[in-house]
1. Across the range A:49-58, what is the total count of residues that are within 14 Å of chain B (Cβ to nearest Cβ) and at pLDDT below 90?
2. Sort out which residues of the range A:88-113 are in contact with a Lys or Arg (Cβ under 8 Å, 6 or more places away or on another chain) and farther than 15 Å from A:N24 by Cβ, and write them in order of number.
3. For A:S84, indicate whether it is over 21 Å from B:T96 (Cα atoms), in a helix (DSSP H, G or I) and either touching a Cys at 6+ places or on another chain (Cβ under 8 Å) or open to solvent by 10 Å² or more (accessible area, probe 1.4 Å) (or both).
4. Considering only the range B:1-23, how many residues are over 24 Å from A:V93 (Cα atoms) and open to solvent by 20 Å² or more (accessible area, probe 1.4 Å)?
5. Taking the range B:57-107, which residues are closer than 19 Å to B:G40 by Cβ, touching a Leu at 6+ places or on another chain (Cβ under 7 Å) and hydrophobic (A, V, I, L, M, F, W, C)?
6. Sort through A:Y29, A:Y36, A:Y95 and tell me the only one that's in contact (Cβ under 8 Å) with a residue 40 or more places away in the chain, under 15 Å from B:T99 (Cβ atoms), open to solvent by 10 Å² or more (accessible area, probe 1.4 Å) and among the hydroxyl-bearing types (S, T, Y).
7. Which of the residues that make up the range B:41-96 are of a type in the set (K, R) and more than 17 Å from B:I20 (Cβ to Cβ)?
8. Name the strands (runs of 3 or more DSSP E) wholly inside the range B:24-111 in which the number of residues that are open to solvent by 60 Å² or more (accessible area, probe 1.4 Å) and within 14 Å of chain A (Cβ to nearest Cβ) is 2 or more.
Amino acid sequence: AQSVTQLDSHVSVSEGTPVLLRCNYSSSYSPSLFWYVQHPNKGLQLLLKYTSAATLVKGINGFEAEFKKSETSFHLTKPSAHMSDAAEYFCVVTYNYGQNFVFGPGTRLSVLP
Amino acid sequence: EPEVTQTPSHQVTQMGQEVILRCVPISNHLYFYWYRQILGQKVEFLVSFYNNEISEKSEIFDDQFSVERPDGSNFTLKIRSTKLEDSAMYFCASRTVETQYFGPGTRLLVL
């Protein structure tokens, strides 16, 4: 069965420092991978996606993620955290062109002043 | 930019009552989905819908749930007899080639 692991349930960083949110997926065929962000009491916004093109993907708000097949990982990074980045982040995997989305458990990012 | 919309944003109902959650998917999308997120838990797949029929459903989507696309633009989720454990955020999504786009959600509270 497809699965996604987000290794940290909560990450706390200081404003202006780098962000690293980790995601690993179960290895099966060729996945497409996504990161969504959910701000408090808001819906799910697409941050970025990997769909078998370039392995380094740039998204909105300065976020990036790198697909590493050898490590079955798709970690999300940002060079410098902003207060507005505080939110819940979900890593999502699909193996059949987006029909079945499997969500990770989420990582809550806190940004300290 | 086109987006998925959902109404209402919040719904409070009594246990045993029927609720209908409404969604307007992005207009040229053909695949539609419902998910739920119980407070503090992960987002769970409920059902997918294509060509006016259910294409896949999860174990959560039992006989008390139904979906329909009544008029070519709306996509609805009906819960026939709500239970306390149905309290959750319900997300609608619609899909283009590989990406699902999500609505803002309906927060359902069953008392």
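The values are calculated or read from the model by the stated rules, or taken from the named source; none is laboratory data. Here the structure is a predicted model, which is why all the values come from computation and not from measurement. Every residue, glycine as well, gets a Cβ built from its backbone with ideal geometry; the counts of neighbours run over all protein chains shown. Surface areas here come from the heavy atoms of the whole protein model, side chains and all, with no ligands, DNA or RNA. Shrake-Rupley method; radii C 1.70, N 1.55, O 1.52, S 1.80 Å.
1. Our first condition is that a residue be within 14 Å of chain B (Cβ to nearest Cβ); within the range A:49-58, this holds for A:49-53, A:57.
In the following step, the residues that additionally are at pLDDT below 90 were identified as A:51-53.
Number of matching residues: 3.
2. A:E88, A:G98, A:Q99 - these are the residues of the range A:88-113 that are in contact with a Lys or Arg (Cβ under 8 Å, 6 or more places away or on another chain) and farther than 15 Å from A:N24 by Cβ.
3. Details: over 21 Å from B:T96 (Cα atoms): yes; in a helix (DSSP H, G or I): yes; either touching a Cys at 6+ places or on another chain (Cβ under 8 Å) or open to solvent by 10 Å² or more (accessible area, probe 1.4 Å) (or both): yes.
So A:S84 passes the test.
4. 14
5. Matches in the range B:57-107: B:I60, B:A88, B:F91, B:F102.
6. On the way: A:Y29 fails: under 15 Å from B:T99 (Cβ atoms); A:Y36 fails: open to solvent by 10 Å² or more (accessible area, probe 1.4 Å).
Step by step, each of A:Y29, A:Y36, A:Y95 is checked, and only A:Y95 is in contact (Cβ under 8 Å) with a residue 40 or more places away in the chain, under 15 Å from B:T99 (Cβ atoms), open to solvent by 10 Å² or more (accessible area, probe 1.4 Å) and among the hydroxyl-bearing types (S, T, Y).
7. At the first step, the residues of the range B:41-96 found to be of a type in the set (K, R) are B:42, B:57, B:69, B:78, B:80, B:83, B:95.
Within the range B:41-96, B:K42, B:K57, B:R95 meet the criteria.
8. On the way: elements: B:31-37, B:43-50, B:53-57, B:65-68, B:75-79, B:88-95, B:100-102, B:106-110.
Because the criterion is at least 2 residues that are open to solvent by 60 Å² or more (accessible area, probe 1.4 Å) and within 14 Å of chain A (Cβ to nearest Cβ), the strands (runs of 3 or more DSSP E) in the range B:24-111 that meet it are B:53-57, B:106-110.
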